[in-house]
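Below is one structure, written out as structure tokens; comments come after it.
The values are calculated or read from the model by the stated rules, or taken from the named source; none is laboratory data. Owing to the predicted nature of the structure, the values given are computational and were not obtained by experimental measurement. In this analysis, Cβ positions are derived from the backbone assuming ideal geometry, glycine residues included, and neighbour counts consider all displayed protein chains.
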Amino acid sequence: MNEVRRILATDCGSTTTKAILIERTDEGYRLIARGEAPTTVEAPFDDVTIGVLNAMRELEEVTGRTLLTDNKVFIRSSLDNDAGADLYVSTSSAGGGLQMMVMGVVKTMTAESAQRAALGAGAIVMDVIAIDDGRKDYERIQRIRSLRPDMVLLAGGTDGGTVTHVVELAELLVAADPKPRLGIGFRLPVIFAGNKDAREEIRKLLADRFDLRIVDNIRPTLETENLGPAREAIHELFLEHVMQQAPGYNKLTTWVSAPIMPTPMAVGKLVEEVARQYELNVLAVDIGGATTDVFSVFNGVFNRTVSANLGMSYSIGNVLAETGVENILRWVPFEVDETELRNRLRNKMIRPTTIPQTVEDLLIEQAVAREALRLSLEHHKQLAVTLRGVHVQRTIGEILTAEVSGQTIVDMMALDLVIGSGGVLSHAPRRSQAALMLLDAWQPEGFTQLTVDSIFMMPHLGVLSTVHPEAAMEVFWRDCLVKLGWVLAPKGVAREGEVIGTISITGERYNISNEPVRFGELKLYPLDENETVRVRFQPVRGFDAGEGSGRAVEREISGGVVGFIVDARGRPLQLPKESGVRFRKLREWLKALNALPQRAQAILV
């Protein structure tokens, strides 16, 4: 891959097609320019490549380079030719992305594993059908028939176990006879990833009616989960069926240097690659207008969830419905009438492309974002769990406290890196506002690095990482990721103003020794991205910063565009009930991080 000097990448979104140009310079691979154009997968164009060409032409205008020839992307065969590019990769979520239905025998076991496989492959899971989901057969049949998914993933049973239940699910599928969303006359793809002993029965039932693919069992035993083969089959069928039926994609597939990938799958690939290369526990979010995707890698285990009803424009009403008015208002640092808040959010829903015009509008939108982020993480924790049904030996203490299997693997104290993406985070007027939203919503514990995606390049770099990981990683760290800084957040609760520990910071501009840290305060120590300091925190008993209650923690950390934040507000974070006190605290925290200009602070007083 040493000869690759120029790379083009596009992400065909539901509304916008974004193109980027990457080139190898003296300091490695760097982002040169970005272009965008409206996506043209729907009428009147019905051809996704028109939007791709328009975005590329914007790149040509900005850079003065020739990237197209004969109305298509030009892949050059020789480095002597200055026109064209050496690689072209693309992702897509246009036309609704990849929509799947999942079927499994037991809702909390095989169905949950199948759901993880589908989500990891970049799908939106429309519904989960299980033998124990509480619905009657006719209700399940009606539901399957009405969904019109792109494909179905059928799982169930451990290898060598009973075949009856998984065959029952296949019979439901036959009775419903669902039709695919795209392509009249095409057979609906069905992937069977269940008990290997049931394969022959499944083949007899489904092979003549559906495009059946049989892969290794997702849960060969209760103790093991094998998601790889199912994910690969989903991606293959996505390319063969969904991409071929979507307008213009058959043409686009002849241009690219690597298979087109669903946008969320590409983001997941990048998050996995970052976690693997740097041995980090990573939590990433993409908060959009209609959905919020959360990605995590803890101890090498990757998970993705889609909160399909939580977003900042089209789905903002759903955020209000799910969290309630009170939960949104608790983050607003001034008096707002409940009716006014509802009306503001409804206006945003019917005019989804509007952006905040006043400081009050901005703070209300960011209050909603906190709740959307909080809820999406709660959803994620429910699916990112240890395997349910696993037989484990437990102590009396474990039996009395909690289930060992089915526990979430999302450990905020073990979290190393947070990546925030999506308009409300990436385009916040001040980077410190993005940092505060992530701190309030997700409440990381101990030492954690906060970052945001500058211009949503993660899908482009995710698909690029499959063919040129070196270029993808260099651009990710240098041009994609904006380092906000590190945060230290001790876990515990105390009275307001009580000393919960002492902090020492040593570096080029700091020589602080045993400075008291008081409960309820948020403190910012400015620190540039290329600056490092040594931080030692000695918590009092009852507070944990990563090494256990009352144990000192010492770390060397770098800075960022915000700096080093000490969040002594406690975990879990409790907001004052009395509105006047709460307003004062919220304004105090905004001021501590320089999250609002002086003029705006004066308006709120």
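When the test is whether a residue is under 31 Å from the mean Cα position of the chain (by Cα), surrounded by fewer than 17 Cβ atoms within 10 Å (Cβ to Cβ), modelled with pLDDT of 90 or more and closer than 25 Å to TRP486 by Cα, PRO572 passes it.
The single residue among ALA435, ALA372 that is modelled with pLDDT of 95 or more, farther than 30 Å from VAL535 by Cα, in a helix (DSSP H, G or I) and not assigned by TED's automatic domain parsing to the domain that holds ILE32 turns out to be ALA372.
Applying the set (1) modelled with pLDDT of 95 or more; (2) in a helix (DSSP H, G or I) to ILE191 leaves exactly one unmet item: (2). The number of residues in the stretch 198-219 that are part of a loop (DSSP other than H, G, I, E, B) and either touching a helix residue (DSSP H, G or I) at 6+ places or on another chain (Cβ under 8 Å) or not assigned by TED's automatic domain parsing to the domain that holds ALA176 (or both) comes to 7.
All conditions but one from (1) of a type in the set (Ser, Thr, Tyr); (2) closer than 20 Å to SER421 by Cα; (3) surrounded by 15 or more Cβ atoms within 10 Å (Cβ to Cβ) apply to THR323; the one that does not is (2). Restricting attention to the stretch 196-225, the residues that are aliphatic (A, V, I, L, M), farther than 16 Å from ALA155 by Cβ and surrounded by 15 or more Cβ atoms within 10 Å (Cβ to Cβ) add up to 0.
If only residues of the stretch 1-25 that are of a type in the set (Gly, Ala, Ser) and assigned to a strand (DSSP E or B) are counted, the one that is farthest from THR253 (Cα to Cα) is ALA19. Looking only at residues of the stretch 28-46 that are modelled with pLDDT under 90 and surrounded by fewer than 22 Cβ atoms within 10 Å (Cβ to Cβ), we find that the one that is farthest from VAL267 (Cα to Cα) is PRO44.
Summed over the stretch 98-139, residues that are over 20 Å from the mean Cα position of the chain (by Cα) and polar (S, T, N, Q) total 2. If you check LEU79, LEU53, which single one turns out to be closer than 15 Å to TRP255 by Cβ and hydrophobic (A, V, I, L, M, F, W, C)? Only one candidate qualifies: LEU53. Residues of the stretch 520-539 that are under 17 Å from PHE447 (Cα atoms) and touching a residue at least 40 places away in the same chain (Cβ under 8 Å): GLU521, LEU522, LYS523, LEU524, TYR525, LEU527, GLU529, VAL535, PHE537, PRO539. Among the residues of the stretch 150-157, are any out of contact with any strand residue (DSSP E or B) (no Cβ under 8 Å at 6 or more places or on another chain) and either surrounded by fewer than 15 Cβ atoms within 10 Å (Cβ to Cβ) or of a type outside the set (A, V, I, L, M, F, W, C) (or both)? Yes, that holds for at least one residue. Counting only residues that are of a type in the set (Ser, Thr, Tyr) and either over 23 Å from GLY560 (Cβ atoms) or without any contact (Cβ under 8 Å) to a residue 24 or more places away in the chain (or both), the stretch 445-474 holds 2 of them.
From the list GLY156, GLY160, GLY185, the lone residue that is within 14 Å of VAL105 (Cα to Cα) and of a type in the set (Gly, Ala, Ser) is GLY156. Within the stretch 301-314, can one find any residue that is modelled with pLDDT under 90, out of contact with any helix residue (DSSP H, G or I) (no Cβ under 8 Å at 6 or more places or on another chain), assigned to a loop (DSSP other than H, G, I, E, B) and closer than 18 Å to LEU119 by Cβ? Yes, the stretch 301-314 has at least one match. Selection of strands (runs of 3 or more DSSP E) fully inside the stretch 26-136 by the criterion of at least 2 residues being under 15 Å from ALA9 (Cβ atoms) returns 28-38, 87-92. Residue-level analysis places ASP159 among those that are under 22 Å from ARG116 (Cβ atoms), in the same structural domain as ALA117 (by TED's automatic domain parsing), acidic (Asp, Glu) and in contact with a helix residue (DSSP H, G or I) (Cβ under 8 Å, 6 or more places away or on another chain).
Condition check ((1) part of a loop (DSSP other than H, G, I, E, B); (2) closer than 20 Å to LEU484 by Cα; (3) modelled with pLDDT under 95; (4) under 32 Å from the mean Cα position of the chain (by Cα)) across all residues:
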position	(1), (2), (3), (4)
LYS523	no, yes, no, yes
LEU527	yes, yes, no, yes
ASN530	yes, yes, yes, yes
GLU554	no, no, no, yes
ASN594	yes, yes, yes, yes
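Within the stretch 126-140, the residues that satisfy the criterion of being of a type in the set (Val, Ile, Thr) and buried (at least 20 other Cβ atoms within 10 Å of the Cβ) are ILE129, ILE131. Residues satisfying the criterion are present in the stretch 78-101 (criterion: among the charged types (D, E, K, R), farther than 30 Å from THR305 by Cα and without any contact (Cβ under 8 Å) to a residue 12 or more places away in the chain). Considering only residues that are surrounded by fewer than 24 Cβ atoms within 10 Å (Cβ to Cβ) and not hydroxyl-bearing (Ser, Thr, Tyr), which ones fall in the stretch 102-114? If the condition is that a residue be surrounded by fewer than 24 Cβ atoms within 10 Å (Cβ to Cβ) and not hydroxyl-bearing (Ser, Thr, Tyr), then VAL106, LYS107 are the ones that fit. For the stretch 158-194, residues that are out of contact with any strand residue (DSSP E or B) (no Cβ under 9 Å at 6 or more places or on another chain), of a type in the set (A, V, I, L, M) and free of Cβ contacts under 8 Å to residues at least 60 places away in the same chain total 6. Regarding the stretch 123-138, can at least one residue be identified that is touching a His at 6+ places or on another chain (Cβ under 9 Å) and free of Cβ contacts under 8 Å to residues at least 60 places away in the same chain? So far as the stretch 123-138 goes, yes, one or more of its residues are touching a His at 6+ places or on another chain (Cβ under 9 Å) and free of Cβ contacts under 8 Å to residues at least 60 places away in the same chain.
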